[in-house]
Each structure stands twice: as C-alpha cells, then as structure tokens.
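In what follows, a single structure is set out as structure tokens and then discussed.
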Amino acid sequence: MESLRKLFKIGNGPSSSHTIGPKRAAEQFLQRCPDAEAFRVTLYGSLAATGKGHLTDKAIESVLQPVAPTEIVWQPDVVLPFHPNGMRFEALRSGQVYDEWVIYSVGGGALANEYTKPVEKERVYTMSTISEIKEYCYREGKTYWEYVEDCEGKDIWDYLDNIWTVMCNTIERGLNNDGVLPGGLKVSRKASTYFVKSQSFTGSLATRAKIYAYALAVAEENASGGLVVTAPTCGSSGVLPAVLYHLTTSRDFSRVRVLRALATAGLFGNVVKNNSSISGAEVGCQGEIGVACAMAAAAACQLFGGTPAQIEYAAEMGLEHHLGLTCDPVCGLVQVPCIERNAIAAARALDANTYATLSDGTHLVSFDKVVDVMHETGHNLPSLYRETSEGGLAKKVER
C-alpha cells in the first residue's frame, strides 16, 4: 500500500475526484506541454455528468487558461473502460494536436491510467489487509499506529501534525461563516447555528449538536471551495475531523494521541483505497461517507483505548452500515445530500465506537470482508447511482 501522504491531501473543494484530481492532471499536462498554443480537455462519464456542479472546468481552466486558450468538451454519455472519471488532454499548435494524454481521477485526488497505476503505487506498507495487520499487532504486542510508524518512519508525525492543523482550521473557519452556498440550490450554511444552539443544551443532546456542527462546518467549507483535507475524499471530509475535534475539545486528549488516532484512521482508509475504491463515481457514496465513518470509528476507538480487535470491529460497523449507499448529488453539487451525510456519519462513527468498546472485540464479519462486499456492491450499482446525477435524489428533488 501507498503512504498515508497519498490518502490525506490538502486541497480546495468541492470534490477530490472532480476538482483536486483534474487540477493536478492539468498541472502535469502543462509541465509536459508548456509551449502549447491552445488546449482541449474532454471530460467523460461521471466527470462530465457532474463536472459543472463540482467546478471541474474551473479547476482545469485555472491552470491552463492563463497559458493558452482552453476548450472544455463534455461527454457524459461516453464512459472509458478504465474508470468513470476519464479525461483526455490535448495540446494544439497551428490548430493541430501534437500531444495528448488520457488520465483518470480515481478518487481522493489520485490519478491513474492503464500505464501509470502500477508505477504510481509506491509500496510503503508490506501488508494490505486489516486481518494480517491485526495479527501482526497481536503477535508483536503493537497497535495500528505503531505499524504505521514502522512502515512510514517517524517523519510521518510531522505530516499528520500539519494535516490535523488544517482540519482544525477548517472547522473553526466553517463555524464562523454564514450565508448561502454557491451553486444555485440556495442552501444556507447551518454549522454556526447548530454550534450556537449546542451551547444551550446539556448531556447527550449537546454532544450530538456539537458533532453535527463540526461536520457541517467542514462540509460547508468544502462545498464553497474552501481548503479541506481529503479523509478519504473531499465529499466526506467532515466526518473524521468532526469526531476528533469533538473528542479533543470535550475530553482533553493530547495532540500526540490525536495524531496516533489519525494514523489509525488513515490505515483503515488506505486498506479500502488499495483493495477497493474511495471514488463515488466507481462504487457510490459507500466508498466515501462509508469509509469516512469507518475511519472515524477506528480513530475514536483508538482514543478510548480499544484493542486491535475492538478498533477493527468499530471500523467494520462504520462501513458495513453504509453498504449500498448511492451517490446521487442534486445538480451535481456536493451539497444535497452530501453535507447532511457528513454530520450523520460522524455521529454514527461514535455509536460504532461505543458498541465496539462495550464488546470484547469478537465479531463474525471482518473489516476486509466488508471491503470486498462494498467493492462488489458498488460495481453492481447502476451507473445512475454512481455520481452521475441521473437517478435517485438528483432526479426526484425539485430545483
């Protein structure tokens, strides 16, 4: 498996696969063809179907347009075989194409195609399933974060420290922003209102309101194109920060322990990314919100002193109970139902942690089996439920 640096990425929303990935692709193509007189970029499949709502064209144009005139061609009905998020970059001189590159945005801001995928995956982790990692932890008397350090080296903590800083900044920025989100749906920000209301509540209601507020803060910042961390994607970026921020502010966990929990969360997300997908266009929202919930549940259980088996159980529940979740964004925007899903998944992650912590960690279905089922389920979903805005809520909601 690759480094957690490939999973946790800092970038502007609203979508890691539709915004960060295409922007990175444009930057790489520009380096390859700096003297082009014009560019043409054709977007295929899901990338074209919801690209305008995800600001895909704006992300690409922000890189190429300052250098040369750039044409964006939309082909939502053409799905290339490698992945639903296909892009064809063409460089033109004297009206003729002199170089082209077909690349895919495969989730979490990552790029791949038939030729680069094996090369891009630098192997940092020797094991790629939670079952074998868990066995290693029990055999060596270690926990998941120690395995991360063994594989990544001690400098991973500096990287994760910066990731955590950005996550906190996004929450605090989101809690202080009001107004209507861009895109035309006229969705108002709710994070600040939820946080203010939480101050007048007590007990579990106050806890739940704060978790919602923190998740909404990140999801709303993402929807407005703000700076977020993919966890594992932009569309699901509010779940893990909300859970960790709530636990640090309510229980005074040290920063070192939070970073270790972040490493554990990343390990579980990395396993899914390696063995299945975190792309909504490929496996539906179960690969985004479902994986984010699993990561957050694992992180919470780590903080509460869970055993490797309990941590795996918490993550397994977080993913299992999102199986089959469709990706059907209204107007192709990462707003409805995406923002609410971040808040609900954050709360469910804490529920999964509580359930697992009360147990002895013994459970029938392993995390790895749920990942396999998620992969099968995602590929069996009709394409209209995989980030194309052609079915589900995207078709039923009046706008």
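The values are calculated or read from the model by the stated rules, or taken from the named source; none is laboratory data. Fair warning: this is a prediction, and the values are worked out from it, not measured in the lab. Positions of Cβ are backbone-derived with ideal geometry, glycine not excepted, and every protein chain shown enters the neighbour counts. When the accessible area is computed, the model is the full protein with side chains, heavy atoms only, and any ligands, DNA or RNA have been set aside. Shrake-Rupley method; radii C 1.70, N 1.55, O 1.52, S 1.80 Å.
Could you list all residues from the stretch 1-39 that are more than 24 Å from the chain's Cα centre (by Cα) and of a type in the set (S, T, N, Q)?
If the condition is that a residue be more than 24 Å from the chain's Cα centre (by Cα) and of a type in the set (S, T, N, Q), then 31 is the only one that fits.
So which of 104, 136 ends up being open to solvent by less than 40 Å² (accessible area, probe 1.4 Å), at pLDDT 95 or above and under 19 Å from residue 19 (Cα atoms)?
Result of the check over 104, 136: 104.
Quick check: is even one residue across the stretch 246-263 touching a Cys at 6+ places or on another chain (Cβ under 8 Å) and either of a type in the set (A, V, I, L, M, F, W, C) or crowded, with 24+ Cβ neighbours inside 10 Å (or both)?
Within the stretch 246-263, none of the residues are touching a Cys at 6+ places or on another chain (Cβ under 8 Å) and either of a type in the set (A, V, I, L, M, F, W, C) or crowded, with 24+ Cβ neighbours inside 10 Å (or both).
What is the residue count in the stretch 370-387 for residues that are open to solvent by 20 Å² or more (accessible area, probe 1.4 Å), touching a residue at least 40 places away in the same chain (Cβ under 8 Å) and assigned to a loop (DSSP other than H, G, I, E, B)?
Residues meeting the conditions: 1.
Do we find that residue 323 is farther than 27 Å from residue 206 by Cβ, open to solvent by 60 Å² or more (accessible area, probe 1.4 Å), among the hydrophobic types (A, V, I, L, M, F, W, C) and at pLDDT 95 or above in this structure?
The answer is yes for residue 323.
For the structure I just gave you, tell me whether residue 225 is open to solvent by 10 Å² or more (accessible area, probe 1.4 Å), touching a residue at least 24 places away in the same chain (Cβ under 8 Å), under 19 Å from residue 348 (Cβ atoms) and in a loop (DSSP other than H, G, I, E, B).
No; evaluated as a whole, the condition is false for this residue.
With the checklist (1) farther than 17 Å from residue 268 by Cβ; (2) at pLDDT 95 or above in hand, flag the one item residue 331 doesn't pass.
Only one criterion in (1) farther than 17 Å from residue 268 by Cβ; (2) at pLDDT 95 or above is unmet by residue 331, namely (2).
In this structure, is residue 309 farther than 22 Å from residue 359 by Cα, at pLDDT 95 or above and either in contact with a strand residue (DSSP E or B) (Cβ under 9 Å, 6 or more places away or on another chain) or in a helix (DSSP H, G or I) (or both)?
Here the answer is no, as residue 309 does not meet what is asked.
Which condition number does residue 57 fail, the rest of (1) farther than 30 Å from residue 146 by Cβ; (2) surrounded by 24 or more Cβ atoms within 10 Å (Cβ to Cβ) being met?
Among (1) farther than 30 Å from residue 146 by Cβ; (2) surrounded by 24 or more Cβ atoms within 10 Å (Cβ to Cβ), residue 57 violates only (2).
With the checklist (1) in contact with a Ser or Thr (Cβ under 6 Å, 6 or more places away or on another chain); (2) in a strand (DSSP E or B) in hand, flag the one item residue 22 doesn't pass.
Result: residue 22 fails condition (2) only.
Any residue in the stretch 307-320 that's touching a residue at least 24 places away in the same chain (Cβ under 8 Å): show its pairings with residues that are buried (at least 22 other Cβ atoms within 10 Å of the Cβ) and among the hydroxyl-bearing types (Ser, Thr, Tyr) at Cβ separation under 6 Å, as long as the two are six or more apart or on different chains.
From residues that are touching a residue at least 24 places away in the same chain (Cβ under 8 Å), there are no pairs.
Which of the residues belonging to the stretch 141-178 are open to solvent by less than 40 Å² (accessible area, probe 1.4 Å), in a loop (DSSP other than H, G, I, E, B) and either under 22 Å from residue 335 (Cβ atoms) or without any contact (Cβ under 8 Å) to a residue 60 or more places away in the chain (or both)?
Matches in the stretch 141-178: 153 only.
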